[in-house]
Amino acid sequence: MSATPTTETKPAPPAIEKIRIKIDGREIEVPKLSPDWQGKPVPTTMLQACKMVRNDIPHYCWHPKLPVAGNCRMCLVEFGTPALGPDRKPLLNADGTPVIRKSPRPAIACATPISPGMEIYTQTPGVKQMREGVLEFLLINHPLDCPICDKAGECKLQEYSLDYGASASRLVEPKVHKPKAEDLGPRIVLDAERCIMCSRCIRFTRDVVGDDALSFVNRGSYSTLTAYPGKPFDNNYTLNTVDICPVGALTSKDFRFQMRTWFLKETKSICTSCATGCNILIGSREGKIHRYTPRENDGVNGPWMCDAGRLHYKWIHREDRLLDVLVRGEKSTWTTALSEMADKLKLAAPGSVAIIASARQTNEELWLLSKLKAKLGAISDSIPRIGKGDHLLLDADKNPNTNGSRLTGISFTEMGINLVKIAEGIASGTIKTLIVFGEDLLMHSVGSDQLGAKELTSEVVQEHGLTAELLGKLETLIVSDILPNATAQYAHYVLPGCAHAEKRGTFTNRDGRVQKFLQAIQPPGDARAEWDFLHDLVYNLTGRSGFQTIEGLFNEMAKDVPAFNGLTWAGLGDAGVTVKI
Amino acid sequence: MIIERKPLSLWERLYLPAIIGGFKVTLRHFFKKKVTMQYPEEKWVVPAGYRGAPYLVRDQEGHTKCVSCQLCEFVCPPKAIKITPPGPAGELADRPNAEKMPKEFEINMLRCIFCGFCQEVCPEEAIFLQKDYSLTGTNRKEMIYNKEKLLDLGGTHAGVQKWKHKLEEARAQEDFPVKV
């Protein structure tokens, strides 16, 4: 079942026709066609050509994943094309070079396609003057309230003003004032004064999400962004408009006045709210997570992520997190608990142990549990978690690592099929030991206490017969979880685990893409990463020398699990690697 | 290196002339103006521009000037400043128009090096290095000044009330076509 890993699922594109152009006197070869916002090949624009040679032209309204609007005028450049004689042949200078006719007017680089022999000038005094002029217009009615603006620090208007703007304002008239801190939807605040009318949010919600909710009203200086009357801007992707807003006009209610952006440490991670596995950046400071933002990965989520996943982080900082190792309700230490558990499991008869591991655990943890399963001759499964999916990113499968659970042999094609057998086994007394990781068998209610996320992530967990009465019959119940739950109350051993932001690991998403995530914050109390203590437990039980680091553990797993053969931790990179599922 | 000592001359060996010379200097100082200050009963008057302890100031109407932009926290070389922003559910600012005010503002005076970067970077003219140079406390915790204490010590600073002006300007534009 070995598969060759590939970085992209798409086949290699056919050979591309290239044309030669000159940018600021430097001759380069660029493809004639480039992907547009939907990935369809269209003639390459000047802006794309300049991007290819790392000559970044300032722009506000252009976004690689949105249709071109060309309304901010920030990307104006000067250009020239080869002059043609009456015979439609290029005129040549005395030294054999083509004669270049400079265009009398500038052009917007984002919407003007390149042509063979074209020369683009991005650093001329004229271009500099145009940029300064455009910025002066944009700043006419801008309130300059950067000290209270959440965007400050990652604001394009700030950046370009510094790079290309004039040093002082010439405006003497009073500025036009517009509504501030207006409610645009359940998760978005609009500050109309700060808006520069780039229309990115309008295009995003109309063309990408398909929810035509926003528009401009009024004219001239009074132009204002607004949601259609009676139609709230409340789809599941509204917070992406905050990311793409080049200024602080649209800000997140959740992140409002939380922390200035320059303090946030950004850690590459994966969203755990559904099987899509959107790539994210965790913004944290001093051990506190302040926000999730999408991290661009065209193979998975592009530059977007859904609101439900983005706001699903507050449970990590809940006050009632499990912080102590408990042995039969008494506070204990890891060493005691792990050695006691190993002693008990060593004596367990084959077939008397069952493992219920969550598909929200990482590949490494599930693999270590599968080692336990093999050693103990145990029966195992995970619990399916099915909710509502949508047309864009949200998947109906709410477990982030369903495929990982299958590939490591914890669950089977039909997840949850063994739960009945486990319940029967406990009832009949053949199963005496139950190991539960990351699941509350009695309730399944994790992190649904925050803003708007409950209805968005509404989960349906398969019903099963594992009742409190059955759990009470067990000789040994080992529970590892992050938040307190009803199952843990019956447990003989409670092992506090880590949220994904507090450990490293990999998930296998719905397409079989193995993606790694890194540690953003330190775990609280005595909580320890599951792979870390599972490694100790497996070592105690089997004597199998494992790896103290996640890199070594992953590489060992990749050798052992057929589907992961050939993978290495380092080889996963930031974008992940797709395996055959 | 060995320094050779010259034998003393007769004048030097006489001893008394040197003693009398010394007493003359002492006597002269008896009749001069005193330079010793009776600190702490007597306090030194610091010169203008002196960089003492940084305190928060209020505007002429008694409103908190700080908007919790956290630039001083960022620029502070010894990391003496710690600001807690209000967050989405926080208390609204006590001044009109600017929506933001720090929930907590702490300066650890044991860490502060009185460099004045916070005053220099402040876009709101809300923090100033003032004339206090002798800060005492009986424990370390006492030396972490909170927002209330800093505002009480800081007094008022009559500057440009830019947020108030913005609001007045906005109210004057009654004809703005979008009403909320």
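The values are calculated or read from the model by the stated rules, or taken from the named source; none is laboratory data. Here the structure is a predicted model, which is why all the values come from computation and not from measurement. FYI the Cβ positions are ideal-geometry reconstructions off the backbone, even for glycines, and counts take in every protein chain you see.
What residue, of A:Val99, A:Val172, A:Val189, is among the hydrophobic types (A, V, I, L, M, F, W, C) and within 27 Å of A:Ile23 (Cβ to Cβ)?
The unique qualifying residue is A:Val99.
Would you confirm, using the coordinates I've provided, whether B:Val57 is within 16 Å of A:Pro147 (Cβ to Cβ) and crowded, with 16+ Cβ neighbours inside 10 Å?
Working: within 16 Å of A:Pro147 (Cβ to Cβ): yes; crowded, with 16+ Cβ neighbours inside 10 Å: yes.
Judged against the criteria, B:Val57 is a match.
Residue-by-condition table, conditions (1) modelled with pLDDT of 95 or more; (2) within 12 Å of another protein chain (Cβ to nearest Cβ); (3) in contact with a Gly (Cβ under 8 Å, 6 or more places away or on another chain); (4) over 19 Å from A:Gly70 (Cα atoms):
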position	(1), (2), (3), (4)
A:Ile140	no, no, no, yes
A:Gly153	no, yes, no, yes
A:Tyr160	yes, no, no, no
A:Pro179	no, yes, no, yes
A:Asp212	no, no, no, yes
A:Ser221	no, yes, no, no
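Condition test on B:Ile107, is it under 24 Å from B:Pro40 (Cβ atoms), outside any loop (DSSP other than H, G, I, E, B) and within 13 Å of the chain's Cα centre (by Cα)?
Against the criterion (under 24 Å from B:Pro40 (Cβ atoms), outside any loop (DSSP other than H, G, I, E, B) and within 13 Å of the chain's Cα centre (by Cα)), B:Ile107 qualifies.
So which of A:Ala488, A:Ala575 is part of a helix (DSSP H, G or I) and either hydrophobic (A, V, I, L, M, F, W, C) or in contact with a helix residue (DSSP H, G or I) (Cβ under 9 Å, 6 or more places away or on another chain) (or both)? Break it down stepwise before answering.
Working: A:Ala575 fails: part of a helix (DSSP H, G or I).
A:Ala488 is the lone residue from the list that is part of a helix (DSSP H, G or I) and either hydrophobic (A, V, I, L, M, F, W, C) or in contact with a helix residue (DSSP H, G or I) (Cβ under 9 Å, 6 or more places away or on another chain) (or both).
Could you pull out the residue among B:Tyr145, B:Tyr133 that is at pLDDT 95 or above and either on the phi > 0 side of the Ramachandran plot or away from every other protein chain (no Cβ under 13 Å) (or both)?
On inspection, the qualifying residue turns out to be B:Tyr145.
Do you know which residues across the range B:10-36 are assigned to a loop (DSSP other than H, G, I, E, B) and modelled with pLDDT of 90 or more?
Passing the criteria: B:Leu14, B:Tyr15, B:Phe31, B:Lys32, B:Lys33.
Of everything in the range A:218-250, what is farther than 19 Å from A:Leu139 by Cβ, part of a helix (DSSP H, G or I) and either without any contact (Cβ under 8 Å) to a residue 40 or more places away in the chain or acidic (Asp, Glu) (or both)? Give them in sequence order. Outline the logic, then answer.
Step one: filter the range A:218-250 for residues farther than 19 Å from A:Leu139 by Cβ, giving A:218-219, A:226-244.
Those still in the list that are part of a helix (DSSP H, G or I) too: A:240-244.
Of everything in the range A:218-250, just one residue is farther than 19 Å from A:Leu139 by Cβ, part of a helix (DSSP H, G or I) and either without any contact (Cβ under 8 Å) to a residue 40 or more places away in the chain or acidic (Asp, Glu) (or both), namely A:Asp243.
Which of (1) buried (at least 18 other Cβ atoms within 10 Å of the Cβ); (2) within 13 Å of chain A (Cβ to nearest Cβ) does B:Leu92 not meet, given it meets every other one?
(1)
Return yes when B:Lys65 is within 14 Å of another protein chain (Cβ to nearest Cβ), of a type outside the set (A, V, I, L, M, F, W, C), closer than 23 Å to B:Gly159 by Cα and under 18 Å from the mean Cα position of the chain (by Cα) and no when it is not.
Judged against the criteria, B:Lys65 is a match.
For the range A:423-453: of the residues being small (Gly, Ala, Ser) and in a helix (DSSP H, G or I), which is modelled with the lowest pLDDT?
Restricting to residues being small (Gly, Ala, Ser) and in a helix (DSSP H, G or I), the top hit is A:Ala453.
Looking only at the range A:191-210, how many residues end up being part of a helix (DSSP H, G or I) and either touching a Phe, Trp or Tyr at 6+ places or on another chain (Cβ under 6 Å) or facing chain B (nearest Cβ under 10 Å) (or both)?
Filtering the range A:191-210 down to residues part of a helix (DSSP H, G or I) leaves A:192-194, A:200-209.
If we keep only those that are either touching a Phe, Trp or Tyr at 6+ places or on another chain (Cβ under 6 Å) or facing chain B (nearest Cβ under 10 Å) (or both) as well, we get A:192-193, A:209.
Number of matching residues: 3.
Could you check the range A:354-373 and list, in sequence order, the residues that are hydrophobic (A, V, I, L, M, F, W, C), closer than 23 Å to A:Leu471 by Cβ and in a helix (DSSP H, G or I)?
A:Leu366, A:Leu369, A:Leu372
Is it the case, given these coordinates, that A:Ile188 is within 30 Å of the chain's Cα centre (by Cα) and within 10 Å of chain B (Cβ to nearest Cβ)?
no
Would you mind stating whether A:Phe533 is within 26 Å of the chain's Cα centre (by Cα), closer than 27 Å to A:Asn485 by Cα and of a type in the set (Phe, Trp, Tyr)?
Spelling it out, it is not the case that A:Phe533 is within 26 Å of the chain's Cα centre (by Cα), closer than 27 Å to A:Asn485 by Cα and of a type in the set (Phe, Trp, Tyr).
If a residue has to be more than 30 Å from A:Gly389 (Cα to Cα) and surrounded by 23 or more Cβ atoms within 10 Å (Cβ to Cβ) to count, how many in the range A:265-277 make the cut?
Of the residues in that region, 0 qualify.
If I filter the range A:137-145 for residues that are surrounded by fewer than 19 Cβ atoms within 10 Å (Cβ to Cβ), under 20 Å from A:Cys72 (Cα atoms) and either among the aromatic types (Phe, Trp, Tyr) or more than 37 Å from the chain's Cα centre (by Cα) (or both), do I get at least one hit? Quick ask: steps written out before the conclusion?
Initial filter on the range A:137-145 (surrounded by fewer than 19 Cβ atoms within 10 Å (Cβ to Cβ)): A:137, A:139-140, A:144.
If we keep only those that are under 20 Å from A:Cys72 (Cα atoms) as well, we get A:137, A:139-140, A:144.
Of the ones still in play, those that are also either among the aromatic types (Phe, Trp, Tyr) or more than 37 Å from the chain's Cα centre (by Cα) (or both) are A:137.
Yes, the conditions are met somewhere in the range A:137-145.
Testing A:Val127 on (1) out of contact with any helix residue (DSSP H, G or I) (no Cβ under 7 Å at 6 or more places or on another chain); (2) closer than 16 Å to A:Ile21 by Cβ, one condition comes back false. Which one is that?
Unmet condition: (2).
Hey, could you check the range A:228-242 for residues that are on the phi < 0 side of the Ramachandran plot and surrounded by fewer than 20 Cβ atoms within 10 Å (Cβ to Cβ) and say which is farthest from the other protein chains (Cβ to nearest Cβ)?
Ranking the candidates gives A:Asn235 first.
Does B:Glu42 qualify as being assigned to a loop (DSSP other than H, G, I, E, B) and out of contact with any His (no Cβ under 7 Å at 6 or more places or on another chain)?
Here the answer is yes, as B:Glu42 does meet what is asked.
What's the number of the only condition in (1) at pLDDT below 95; (2) in contact with a Cys (Cβ under 9 Å, 6 or more places away or on another chain) that A:Leu171 fails to meet?
(2)
Quick check on A:Glu286: is it within 14 Å of chain B (Cβ to nearest Cβ) and either out of contact with any Pro (no Cβ under 6 Å at 6 or more places or on another chain) or free of Cβ contacts under 8 Å to residues at least 60 places away in the same chain (or both)?
yes
When the range A:21-63 is examined, which residues are found to be more than 30 Å from the chain's Cα centre (by Cα), more than 22 Å from A:Gly126 (Cβ to Cβ) and part of a loop (DSSP other than H, G, I, E, B)?
Result: A:Lys32, single match.
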